[in-house]
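**Student:** There's a structure below that I have some questions on.
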Amino acid sequence: MAVTEPKEPWAARVRKSFPTRIWVLIPFFIGINLLGKFFVTVLGLPLFLDAIGTVLGAFLGGPAVGVVVGLLTNLVIGLTIEATSIPFGLVNAAIGLVAGLLAGRGYLRGVAKIIVMMLALTVTTIITAAPIVVLVFGGVQGSGADIVTGFFVAAGNEIAGSVIGQQLIVQPVDKIATVLVALALARAVPARYRPQFGREALPA
């Protein structure tokens, strides 16, 4: 009869997700998120691109790292640039969680699985962001994507429907760009320098 290895406690697995290398990289991941937000704001693009660092952290360090990077990013933005970003930390954290879980299950290997990753992050974002936009901010996010919402409102749609319509148009494009950039950055890190999670999740 085969002997089953005892499963490692969840808390122990989370602690292992944060070696010194990851703690050193977390400010870098947050900086990438801030850079993406700055780029979109300056150009007035109807996108977000503020979760690239979150997804990169999830690809290299796992879901717990993605959650921490997502929460800290919006906390930093909220305390320094715009307080309205703080509630969206839940969205950023959810993106990091899903990205890390899927990466750990092999969804960075093969085009079809990467497309599933993009779709999953799109759905995750819509489900978590739309209620915040509608219930907390009355349909206005303070981003270039508001242009798309305004188009739907001008066409006679209610706020909730307009926000969902905007999300269905903007989020797929945003998440395709986010995953492609994060994956390119993750693959650019030599395998021997990647954290253990990244060595296992990413193609050699």
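The values are calculated or read from the model by the stated rules, or taken from the named source; none is laboratory data. Because the structure is predicted, anything quoted here is derived from the model rather than measured. Cβ coordinates were reconstructed from backbone atoms using ideal geometry, including for glycine residues, and neighbour counts include every protein chain displayed.
**Student:** Within the range 139-159, track down each residue that is under 23 Å from the mean Cα position of the chain (by Cα) and either closer than 22 Å to ALA94 by Cβ or not in a helix (DSSP H, G or I) (or both).
**Tutor:** Within the range 139-159, GLY139, VAL140, GLN141, GLY142, SER143, GLY144, ALA145, ASP146, VAL148, THR149 meet the criteria.
**Student:** Separate question: With the structure loaded, tell me whether LEU25 is modelled with pLDDT of 90 or more, farther than 25 Å from ARG105 by Cβ and either of a type in the set (A, V, I, L, M) or more than 18 Å from the chain's Cα centre (by Cα) (or both) or whether it fails that test.
**Tutor:** Here the answer is no, as LEU25 does not meet what is asked.
**Student:** Would you confirm, using the coordinates I've provided, whether LEU108 is aliphatic (A, V, I, L, M) and in a loop (DSSP other than H, G, I, E, B)?
**Tutor:** For LEU108, the condition - aliphatic (A, V, I, L, M) and in a loop (DSSP other than H, G, I, E, B) - is met.
**Student:** Then there is this: Test each condition in (1) farther than 19 Å from LYS37 by Cβ; (2) modelled with pLDDT under 95 for ILE147 and report the one that comes out false.
**Tutor:** Going through the list (1) farther than 19 Å from LYS37 by Cβ; (2) modelled with pLDDT under 95, ILE147 breaks only (1).
**Student:** Please go through the range 181-204 and give me each residue that is exposed (fewer than 14 other Cβ atoms within 10 Å of the Cβ) and either assigned to a helix (DSSP H, G or I) or within 14 Å of the chain's Cα centre (by Cα) (or both), ordered by number.
**Tutor:** Those that are exposed (fewer than 14 other Cβ atoms within 10 Å of the Cβ) and either assigned to a helix (DSSP H, G or I) or within 14 Å of the chain's Cα centre (by Cα) (or both): ALA184, ALA188, ALA191, ARG192, TYR193, GLU200.
**Student:** Out of all the residues in the range 118-128, is one or more closer than 27 Å to TRP10 by Cα, over 12 Å from the mean Cα position of the chain (by Cα) and in a loop (DSSP other than H, G, I, E, B)?
**Tutor:** No, there is no match, as no residue in the range 118-128 is closer than 27 Å to TRP10 by Cα, over 12 Å from the mean Cα position of the chain (by Cα) and in a loop (DSSP other than H, G, I, E, B).
**Student:** Looking at VAL148, is it hydrophobic (A, V, I, L, M, F, W, C), buried (at least 21 other Cβ atoms within 10 Å of the Cβ) and touching a residue at least 40 places away in the same chain (Cβ under 8 Å)?
**Tutor:** When the stated conditions are applied, VAL148 does not pass them.
**Student:** Looking at the range 33-75, which of the residues that are more than 19 Å from SER17 (Cα to Cα) and small (Gly, Ala, Ser) is surrounded by the most Cβ atoms within 10 Å (Cβ to Cβ)?
**Tutor:** Among them, the one singled out is ALA51.
**Student:** For the condition surrounded by fewer than 17 Cβ atoms within 10 Å (Cβ to Cβ) and at negative phi, what is the one hit in VAL116, VAL134, VAL91?
**Tutor:** VAL116
**Student:** For the range 69-117, give me each residue that is of a type in the set (Val, Ile, Thr) and more than 11 Å from the chain's Cα centre (by Cα).
**Tutor:** Within the range 69-117, VAL76, ILE77, THR80, ILE81, THR84, ILE86, VAL111, ILE114, ILE115, VAL116 qualify.
**Student:** Hand me the list of helices (runs of 4 or more DSSP H) wholly inside the range 1-72 holding 3 or more residues that are over 13 Å from GLY96 (Cα atoms) and touching a residue at least 60 places away in the same chain (Cβ under 8 Å).
**Tutor:** 20-43
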